[in-house]
Amino acid sequence: MKKLLFGLVFLTATFANAQNDNCSGATSLTVGNNFTSGAVLVGNTGASTDGVLPSCNSEALENIWFKVTVPPSGNITIETAAASGSLFDDSVLTVYSGNCTTLTEIDCNDDKDVDNGDYFSLISLTGQVPGTTLYISVWKYSSDIDNGQFKISAYDSASLSTNEVSGNKKIIQVYPNPFNKELSISDISKVKGISVTDISGKTVKNIEKPSSSIDLSDLVKGIYFITLKMDDGTLKTTKIIKK
(Lines give C-alpha, C1' and ligand atoms only; values in the text may rest on other atoms or scores of the structure.)
Protein backbone atom coordinates (compact mmCIF):
# COMPACT_ATOMS: atom_id res chain seq x y z
CA MET A 1 0.00 0.00 0.00
CA LYS A 2 2.83 2.42 0.87
CA LYS A 3 4.51 1.74 -2.48
CA LEU A 4 1.22 2.38 -4.26
CA LEU A 5 0.66 5.68 -2.43
CA PHE A 6 4.24 6.79 -3.17
CA GLY A 7 3.72 6.00 -6.84
CA LEU A 8 0.50 8.02 -6.95
CA VAL A 9 2.15 10.99 -5.24
CA PHE A 10 5.11 10.85 -7.65
CA LEU A 11 2.78 10.60 -10.65
CA THR A 12 0.74 13.59 -9.44
CA ALA A 13 3.86 15.68 -8.89
CA THR A 14 5.19 14.77 -12.32
CA PHE A 15 2.03 15.89 -14.10
CA ALA A 16 1.66 19.01 -11.91
CA ASN A 17 4.82 20.50 -13.40
CA ALA A 18 3.86 22.04 -16.72
CA GLN A 19 5.89 21.39 -19.87
CA ASN A 20 6.56 25.15 -20.08
CA ASP A 21 7.96 25.32 -16.54
CA ASN A 22 11.37 26.01 -18.13
CA CYS A 23 12.38 28.30 -20.99
CA SER A 24 13.35 25.36 -23.20
CA GLY A 25 9.75 24.14 -23.09
CA ALA A 26 8.15 27.52 -23.81
CA THR A 27 4.62 27.31 -25.21
CA SER A 28 4.07 29.10 -28.54
CA LEU A 29 1.47 31.87 -28.67
CA THR A 30 -0.41 32.85 -31.83
CA VAL A 31 -0.69 36.59 -32.44
CA GLY A 32 -4.29 37.85 -32.59
CA ASN A 33 -5.65 41.30 -33.42
CA ASN A 34 -7.06 41.89 -29.91
CA PHE A 35 -6.88 40.25 -26.50
CA THR A 36 -9.79 37.88 -27.08
CA SER A 37 -8.59 36.54 -30.44
CA GLY A 38 -5.11 35.75 -29.09
CA ALA A 39 -6.08 34.52 -25.61
CA VAL A 40 -5.41 31.03 -24.27
CA LEU A 41 -6.22 29.55 -20.87
CA VAL A 42 -3.17 28.29 -18.97
CA GLY A 43 -2.15 27.43 -15.40
CA ASN A 44 0.87 27.72 -13.13
CA THR A 45 0.08 25.00 -10.59
CA GLY A 46 3.26 23.11 -9.75
CA ALA A 47 5.56 25.65 -11.44
CA SER A 48 9.10 26.19 -10.16
CA THR A 49 11.23 29.34 -10.30
CA ASP A 50 13.36 29.43 -13.46
CA GLY A 51 15.76 32.16 -14.59
CA VAL A 52 16.80 35.59 -13.32
CA LEU A 53 14.15 37.36 -11.26
CA PRO A 54 12.26 40.14 -13.08
CA SER A 55 13.60 43.68 -12.74
CA CYS A 56 10.22 45.05 -11.62
CA ASN A 57 9.66 42.62 -8.74
CA SER A 58 12.39 40.78 -6.86
CA GLU A 59 9.81 38.75 -4.89
CA ALA A 60 8.36 37.04 -7.97
CA LEU A 61 8.58 33.25 -8.24
CA GLU A 62 7.17 30.08 -9.84
CA ASN A 63 7.13 31.27 -13.47
CA ILE A 64 6.04 29.57 -16.68
CA TRP A 65 7.27 30.31 -20.21
CA PHE A 66 5.88 31.25 -23.60
CA LYS A 67 7.31 32.38 -26.92
CA VAL A 68 5.93 34.39 -29.83
CA THR A 69 7.00 35.51 -33.30
CA VAL A 70 6.98 39.27 -33.89
CA PRO A 71 4.36 40.16 -36.57
CA PRO A 72 5.14 42.17 -39.74
CA SER A 73 4.22 45.49 -38.06
CA GLY A 74 6.98 45.07 -35.45
CA ASN A 75 4.39 45.82 -32.75
CA ILE A 76 3.08 43.34 -30.18
CA THR A 77 1.19 43.43 -26.89
CA ILE A 78 1.44 40.69 -24.28
CA GLU A 79 -1.30 40.69 -21.65
CA THR A 80 -2.44 38.45 -18.79
CA ALA A 81 -5.91 38.43 -17.27
CA ALA A 82 -8.01 36.61 -14.71
CA ALA A 83 -9.67 33.27 -15.41
CA SER A 84 -13.14 32.61 -14.06
CA GLY A 85 -13.08 30.69 -10.78
CA SER A 86 -9.30 30.81 -10.39
CA LEU A 87 -7.61 31.97 -7.18
CA PHE A 88 -4.56 33.24 -9.08
CA ASP A 89 -4.98 37.04 -9.18
CA ASP A 90 -1.57 38.74 -9.36
CA SER A 91 0.99 38.20 -12.14
CA VAL A 92 4.35 39.68 -13.11
CA LEU A 93 5.24 39.68 -16.81
CA THR A 94 8.66 39.78 -18.44
CA VAL A 95 9.59 39.74 -22.14
CA TYR A 96 13.04 38.77 -23.42
CA SER A 97 15.02 38.79 -26.63
CA GLY A 98 17.71 36.24 -27.47
CA ASN A 99 17.43 32.54 -26.71
CA CYS A 100 17.05 30.43 -23.59
CA THR A 101 20.81 30.45 -22.90
CA THR A 102 21.32 34.20 -23.47
CA LEU A 103 18.12 36.02 -22.57
CA THR A 104 18.01 39.82 -22.35
CA GLU A 105 15.04 41.41 -20.60
CA ILE A 106 13.25 43.89 -22.88
CA ASP A 107 10.50 44.96 -20.51
CA CYS A 108 8.83 44.05 -17.23
CA ASN A 109 5.38 44.87 -15.84
CA ASP A 110 3.91 44.21 -12.41
CA ASP A 111 0.39 45.67 -12.47
CA LYS A 112 -1.49 46.99 -15.52
CA ASP A 113 -4.16 48.93 -13.59
CA VAL A 114 -3.50 48.88 -9.86
CA ASP A 115 -5.79 51.90 -9.27
CA ASN A 116 -8.75 49.79 -10.35
CA GLY A 117 -7.62 46.64 -8.59
CA ASP A 118 -6.30 44.82 -11.67
CA TYR A 119 -3.04 43.18 -10.61
CA PHE A 120 -2.45 41.31 -13.84
CA SER A 121 0.17 42.53 -16.33
CA LEU A 122 0.50 44.08 -19.77
CA ILE A 123 3.49 44.94 -21.98
CA SER A 124 3.19 46.73 -25.34
CA LEU A 125 6.27 46.73 -27.57
CA THR A 126 6.93 48.66 -30.78
CA GLY A 127 9.82 48.67 -33.22
CA GLN A 128 10.63 44.97 -32.83
CA VAL A 129 12.21 43.06 -35.71
CA PRO A 130 9.49 41.16 -37.63
CA GLY A 131 9.97 37.40 -37.63
CA THR A 132 12.14 37.25 -34.52
CA THR A 133 11.20 35.18 -31.48
CA LEU A 134 10.48 36.79 -28.13
CA TYR A 135 10.39 34.80 -24.90
CA ILE A 136 7.77 35.57 -22.27
CA SER A 137 7.72 34.59 -18.62
CA VAL A 138 4.70 34.90 -16.34
CA TRP A 139 5.53 34.94 -12.65
CA LYS A 140 3.52 34.75 -9.47
CA TYR A 141 3.79 38.12 -7.63
CA SER A 142 4.93 36.56 -4.33
CA SER A 143 4.58 33.47 -2.16
CA ASP A 144 1.35 34.94 -0.72
CA ILE A 145 -0.46 34.47 -4.04
CA ASP A 146 -2.35 31.26 -4.87
CA ASN A 147 -1.56 29.34 -8.04
CA GLY A 148 -4.21 28.57 -10.61
CA GLN A 149 -5.41 29.28 -14.11
CA PHE A 150 -5.20 32.58 -15.99
CA LYS A 151 -5.44 33.92 -19.53
CA ILE A 152 -2.53 35.10 -21.63
CA SER A 153 -2.72 36.75 -25.04
CA ALA A 154 -0.30 38.04 -27.67
CA TYR A 155 -1.89 40.48 -30.09
CA ASP A 156 -1.24 43.31 -32.51
CA SER A 157 -4.17 45.72 -32.35
CA ALA A 158 -2.53 47.87 -35.05
CA SER A 159 -3.06 45.18 -37.69
CA LEU A 160 -6.34 44.55 -39.42
CA SER A 161 -7.82 41.10 -38.99
CA THR A 162 -8.11 38.52 -41.78
CA ASN A 163 -11.36 39.10 -43.65
CA GLU A 164 -13.27 37.54 -46.54
CA VAL A 165 -12.94 39.80 -49.60
CA SER A 166 -14.54 38.67 -52.88
CA GLY A 167 -14.20 35.03 -51.86
CA ASN A 168 -10.46 35.25 -51.15
CA LYS A 169 -8.90 35.62 -47.71
CA LYS A 170 -6.56 38.58 -47.66
CA ILE A 171 -4.78 40.33 -44.85
CA ILE A 172 -4.82 44.09 -45.29
CA GLN A 173 -2.12 45.84 -43.30
CA VAL A 174 -1.72 49.47 -42.30
CA TYR A 175 1.90 50.45 -41.76
CA PRO A 176 4.17 51.78 -40.34
CA ASN A 177 2.50 52.06 -36.97
CA PRO A 178 3.38 54.29 -35.14
CA PHE A 179 3.93 56.66 -38.09
CA ASN A 180 5.38 60.12 -38.67
CA LYS A 181 3.75 61.53 -41.82
CA GLU A 182 2.38 58.84 -44.10
CA LEU A 183 0.53 55.56 -43.77
CA SER A 184 0.57 52.79 -46.36
CA ILE A 185 -2.22 50.31 -47.13
CA SER A 186 -0.98 46.92 -48.32
CA ASP A 187 -3.94 46.31 -50.69
CA ILE A 188 -6.04 49.31 -51.74
CA SER A 189 -7.84 47.58 -54.64
CA LYS A 190 -11.06 46.87 -52.71
CA VAL A 191 -11.06 50.05 -50.59
CA LYS A 192 -13.42 52.80 -51.80
CA GLY A 193 -12.94 55.25 -48.93
CA ILE A 194 -11.05 55.96 -45.72
CA SER A 195 -12.01 57.90 -42.61
CA VAL A 196 -9.81 58.83 -39.65
CA THR A 197 -11.26 59.60 -36.20
CA ASP A 198 -9.59 60.80 -33.02
CA ILE A 199 -9.85 59.03 -29.68
CA SER A 200 -13.05 60.94 -28.81
CA GLY A 201 -14.75 59.65 -31.98
CA LYS A 202 -14.56 62.92 -33.94
CA THR A 203 -13.84 62.47 -37.66
CA VAL A 204 -10.67 64.39 -38.57
CA LYS A 205 -10.24 63.25 -42.18
CA ASN A 206 -12.25 61.63 -44.98
CA ILE A 207 -10.57 60.34 -48.14
CA GLU A 208 -12.54 59.12 -51.14
CA LYS A 209 -10.84 56.89 -53.74
CA PRO A 210 -7.63 56.67 -51.67
CA SER A 211 -4.21 55.66 -52.94
CA SER A 212 -2.01 53.13 -51.17
CA SER A 213 -0.10 55.98 -49.46
CA ILE A 214 -2.01 58.40 -47.21
CA ASP A 215 -0.60 61.75 -46.10
CA LEU A 216 -1.51 62.37 -42.43
CA SER A 217 1.24 64.88 -41.69
CA ASP A 218 -1.34 67.47 -40.59
CA LEU A 219 -2.48 65.37 -37.62
CA VAL A 220 -1.12 66.17 -34.18
CA LYS A 221 0.62 63.48 -32.13
CA GLY A 222 -1.76 60.99 -30.55
CA ILE A 223 -3.98 57.95 -31.00
CA TYR A 224 -6.45 57.69 -33.89
CA PHE A 225 -8.62 55.08 -35.58
CA ILE A 226 -8.54 54.52 -39.32
CA THR A 227 -11.56 52.90 -40.99
CA LEU A 228 -11.38 51.34 -44.44
CA LYS A 229 -14.70 51.39 -46.30
CA MET A 230 -14.64 48.30 -48.49
CA ASP A 231 -16.36 47.83 -51.86
CA ASP A 232 -18.53 45.06 -50.38
CA GLY A 233 -19.94 47.44 -47.75
CA THR A 234 -17.90 46.21 -44.79
CA LEU A 235 -15.81 48.43 -42.54
CA LYS A 236 -12.34 47.54 -41.27
CA THR A 237 -11.03 49.62 -38.36
CA THR A 238 -7.63 49.66 -36.66
CA LYS A 239 -5.83 51.86 -34.16
CA ILE A 240 -2.95 54.04 -35.38
CA ILE A 241 -0.48 56.21 -33.49
CA LYS A 242 0.97 59.49 -34.79
CA LYS A 243 4.47 60.09 -33.42
Count - residues of segment 104-154 that are in contact with an Asp or Glu (Cβ under 7 Å, 6 or more places away or on another chain), among the aliphatic types (A, V, I, L, M) and more than 20 Å from residue 45 (Cβ to Cβ): 3
Hey, among 90, 21, which residue is of a type in the set (Asp, Glu), at pLDDT 95 or above and within 23 Å of residue 141 (Cβ to Cβ)? 90
Lone qualifier among 229, 169 - being modelled with pLDDT under 90, part of a strand (DSSP E or B), buried (at least 16 other Cβ atoms within 10 Å of the Cβ) and not assigned by TED's automatic domain parsing to the domain that holds residue 83: 229
If I go through segment 118-140 residue by residue, how many of them are closer than 17 Å to residue 62 by Cα and either among the β-branched types (Val, Ile, Thr) or buried (at least 21 other Cβ atoms within 10 Å of the Cβ) (or both)? 8
Some residue of segment 133-152 being among the small types (Gly, Ala, Ser) and at pLDDT below 85: no
Select, from 214, 207, 223, the only residue that is in contact (Cβ under 8 Å) with a residue 24 or more places away in the chain, surrounded by 12 or more Cβ atoms within 10 Å (Cβ to Cβ) and in a strand (DSSP E or B). 214
Might you let me know whether segment 115-132 holds any residue that is over 30 Å from residue 231 (Cβ atoms), in contact with a Ser or Thr (Cβ under 9 Å, 6 or more places away or on another chain), charged (D, E, K, R) and modelled with pLDDT of 90 or more? no
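The values are calculated or read from the model by the stated rules, or taken from the named source; none is laboratory data. Remember, predicted model here, so these are calculated numbers, not experimental data. Positions of Cβ are backbone-derived with ideal geometry, glycine not excepted, and every protein chain shown enters the neighbour counts.
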